[in-house]
1. Return the total of residues in the range 188-202 being modelled with pLDDT under 95 and either within 22 Å of VAL9 (Cα to Cα) or of a type in the set (D, E, K, R) (or both).
2. Could you tell me which numbered condition CYS208 fails, if it satisfies all but one of (1) over 16 Å from the mean Cα position of the chain (by Cα); (2) farther than 18 Å from LEU158 by Cβ?
3. Can you tell me how many residues in the range 151-178 are more than 25 Å from ILE230 (Cβ to Cβ) and part of a helix (DSSP H, G or I)?
4. Quick check: is even one residue across the range 99-107 free of Cβ contacts under 8 Å to residues at least 40 places away in the same chain, in contact with a helix residue (DSSP H, G or I) (Cβ under 6 Å, 6 or more places away or on another chain), outside the structural domain of PHE198 (by TED's automatic domain parsing) and not β-branched (Val, Ile, Thr)?
5. Can you work out which of the residues in the range 203-232 that are part of a helix (DSSP H, G or I) and crowded, with 21+ Cβ neighbours inside 10 Å is modelled with the highest pLDDT?
6. Kindly provide the set of residues from the range 1-15 that are touching a strand residue (DSSP E or B) at 6+ places or on another chain (Cβ under 7 Å) and hydrophobic (A, V, I, L, M, F, W, C), ordered by number.
7. In the range 8-67, how many are crowded, with 17+ Cβ neighbours inside 10 Å and either of a type in the set (Lys, Arg) or not assigned by TED's automatic domain parsing to the domain that holds ILE182 (or both)?
Amino acid sequence: MNYFALKNVVRRFGGLVAVSNISATIEEGEIFGLIGPNGSGKTTIFNCINNYYPANSGEIIFKSVPIERMSTHKICEMGIGRTFQVVKPLKRLTVLENVMSGAFLRTNKVRVARDKAMKAIDFCQLTERKDLRAKDLPIADKKRMEVARALATEPSLLLLDETAAGLNLKEIETMMEVVKKIRDSGITCIIVEHVMKFIMGISDRVMCINFGQEIATGKPEEIAAHPEVIKAYLGEEYVTDR
């Protein structure tokens, strides 16, 4: 039995089919990348997984359990955490308080939530920032804080939505280190990303979609050389720049 699976998932918005019969299987411990042009349906797939937007049809299976009709908070309790394309901090709260808000999923004790939050903060290399207010952080720290908040919910599957977008090269390398540590800690990851050096350098497998439909799935080097992927998304300059 697959650890996680999408089976013919469809999501429509009126007459627009944003996700069209997407199927994928993700193995435990894998980093699975999801790429495609803007508007291709990547974030909508994430929203279907955690039922932010319910799928119109199809199945979403996690640890042998269908979750497509579960409430969002129950899906999180099952062990699926996520970050968002647009970072959503609690701006007036500190980094520690933001991450504690995730930790309260598993406990109602402040001390326990603080301990869990500090572990996630240390893990994401934000210890020196823990007492700063979220609104005062640069974008790279805000993104790592959001990863820490998701980790504080103690997920076994983590959905990461454009965690490298807007970062400089050094910040991207730091984020890659964090994601590799997440995987090494036993957490399976699905990543949506436009920074190709990030996602191609960290993923075990990659799916490329366009207009809500799968173009190809395979190892990063296979996807990077796939003619339809190059035509629809990567472009010839990506191949020559590698």
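The values are calculated or read from the model by the stated rules, or taken from the named source; none is laboratory data. Keep in mind it's a predicted model, so treat the numbers as computed, not measured. Cβ coordinates were reconstructed from backbone atoms using ideal geometry, including for glycine residues, and neighbour counts include every protein chain displayed.
1. Going through the range 188-202 one residue at a time, the tally reaches 2.
2. Every condition holds for CYS208 apart from (1).
3. Within the range 151-178, residues that are more than 25 Å from ILE230 (Cβ to Cβ) and part of a helix (DSSP H, G or I) number 8.
4. From the range 99-107, those free of Cβ contacts under 8 Å to residues at least 40 places away in the same chain are 104, 107; that's our starting set.
Now restrict to residues that are in contact with a helix residue (DSSP H, G or I) (Cβ under 6 Å, 6 or more places away or on another chain): 104, 107.
The next check asks that each one be outside the structural domain of PHE198 (by TED's automatic domain parsing); those that pass are 104, 107.
Checking which are not β-branched (Val, Ile, Thr) leaves us with 104.
Yes, the range 99-107 has at least one match.
5. ILE223
6. Passing the criteria: PHE4, ALA5, LEU6, VAL9, VAL10.
7. Of the residues in the range 8-67, 2 are crowded, with 17+ Cβ neighbours inside 10 Å and either of a type in the set (Lys, Arg) or not assigned by TED's automatic domain parsing to the domain that holds ILE182 (or both).
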